[in-house]
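First comes the structure, then the notes that go with it.
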Amino acid sequence: MLDLLDHALRSAPERPAVLGATLTGHGRVRATRGELAGLADAYASSLYARGLRTGDTVGVAVRPGPRALAVLLALWRLGLRGAVLDPGAGPDVLRSRLSLARPSLVLADATAQAVAGWARPLAARARLTLPDLAELAPVATVGRRLPGCAPALEAAGTRIPVTDHGDGDAVIVFTSGTTSRPKAVVHTRSSLSAGMDTVRALFSAHPDEPVVGGTFFVLVPALTQGAPVALPARSPRVLSRQLHRLRPQGTYLTPPQLRDALRAGAPFTGRVWTGSAPASAELLDRVRKAGAAEAWGVYALTELFPAAAVESRQKAAYDGAGDLVGAPLPGVEARTDDAGELLLAGAAARHRCLGDDPDPWVRTGDRAHLDAAGRIVLEGRCKDMVLRRAENIYPGLYEPSLHVPGVELAVLVGVPAGDGDERLVAVVEPRPGYTEQQLRTALADPMRRMGSARPDALLFAPVPLSGRSRKPDREATAELAAVRLR
């Protein structure tokens, strides 16, 4: 896929590749296809001139955008392994995991160097932290260099020989910092390509019609198919204007981004995709009511992206227990073990985690079952089990039924009862315009149907979020519930 992208960029160099947005939502070209190819050439030449060769590791701390994509293309061309230094993973995790694959060089933009340096106290408030990058390896600045930054990645005109890099490691990505033991996931060149091929088949973008999305798994397939990609504006109001101006053929936003955009009155067009965190049928239905032709939930993991997908109408029609996330995508195998944990395998699955032996099966950490049609139905995280009166309760089985109209988010958590038992508490975040009494009435029947899993208490409060995907933070939610109950 990345080889195809390199060719596609050079075949139409004058066309826009990556777009930003002005405050009024108008598109602003951040890089043409030719400029993107030129950046990748320059980075590859500079890295080769520094002596980096196939199999070497390069730390990457560059914000998503043209330069980050150009870095990825340069690493791919040289057969280098990129270690994504996510500031949401935490400095201790990065240090310990990278001790197993010490980088030869760290490429960082000015923002990342600020997070690791003078702006560390400010960034920590947003739960963004990086270790001193110079502790990891020599640092080179990518993009605009500000005072205090490391020397820029110098230009070089070195010619790069054509080399067959085989199926070596391509990228190291750290799992979300919300897990108890974040891992360093290693994808090979073949698994990375397979994942992007699956996205391309799922997306099927038309040339010259814009797509909105900020991840590599959106940028690469869309650009390969000739579609310009607009990075979503951070401000919900500006994002709403951006969607209104662009009328994109496809949009990929996380569930928190979707909720923020809907609150800002954003219109949607074409097909909308969401993933990285749970997306309820009610949220997808709101997206369709806001204009989308289709609204899809994507089930994906760092270890295998993407694994399954479901359209809003199919999800809404499911009336069984648990969260329907769809049929496994072509090439993905799914099964459960004796404990009910979902296991996945396929060409797009990670090769291994740093320090571990290769394993074809990815342990998702999700309890699940396959319905009669072979679709994956999640029952909650294995570690999120609540033990109440000697009964095991898996929140993921029941949380979907709490997402009635007017509910923004709903989470079930266990709160210690003081005698080794737990109380089951439903923490519900109302949508603006809905009163607690309205929601108590709307939730009465769904909670009655939960039987022995009916919550001991119902609390209304904003649900804490954490991690780069802004997933519900269950530990923080349980602490909030405990304080409110006291």
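Things worth noting here:
- Per-region count, the range 53-81, residues of a type outside the set (S, T, N, Q) and within 14 Å of V139 (Cα to Cα): 5
- Among residues of the range 344-376, those that are more than 29 Å from T57 (Cβ to Cβ), among the aliphatic types (A, V, I, L, M) and either open to solvent by less than 30 Å² (accessible area, probe 1.4 Å) or without any contact (Cβ under 8 Å) to a residue 12 or more places away in the chain (or both), counted: 3
- Hey, G143 under 23 Å from the mean Cα position of the chain (by Cα) and under 29 Å from A21 (Cβ atoms) or not: no
- Here is the figure for the range 170-181: residues that are surrounded by fewer than 24 Cβ atoms within 10 Å (Cβ to Cβ) and either within 15 Å of the chain's Cα centre (by Cα) or at pLDDT 90 or above (or both) total 8.
- Subset tally (residues that are of a type outside the set (S, T, Y), in a loop (DSSP other than H, G, I, E, B) and in contact with a Pro (Cβ under 8 Å, 6 or more places away or on another chain)) for the range 118-144: 4
- Any hit, the range 249-256, residues being out of contact with any helix residue (DSSP H, G or I) (no Cβ under 7 Å at 6 or more places or on another chain), surrounded by fewer than 17 Cβ atoms within 10 Å (Cβ to Cβ) and assigned to a helix (DSSP H, G or I): no
The values are calculated or read from the model by the stated rules, or taken from the named source; none is laboratory data. For clarity, every value in this text was computed on a predicted model and none was experimentally measured. Neighbour counts run over all protein chains shown; Cβ positions are idealised from the backbone, glycine included. For accessibility, only protein heavy atoms count, side chains too; no ligands or nucleic acids. Shrake-Rupley method; radii C 1.70, N 1.55, O 1.52, S 1.80 Å.
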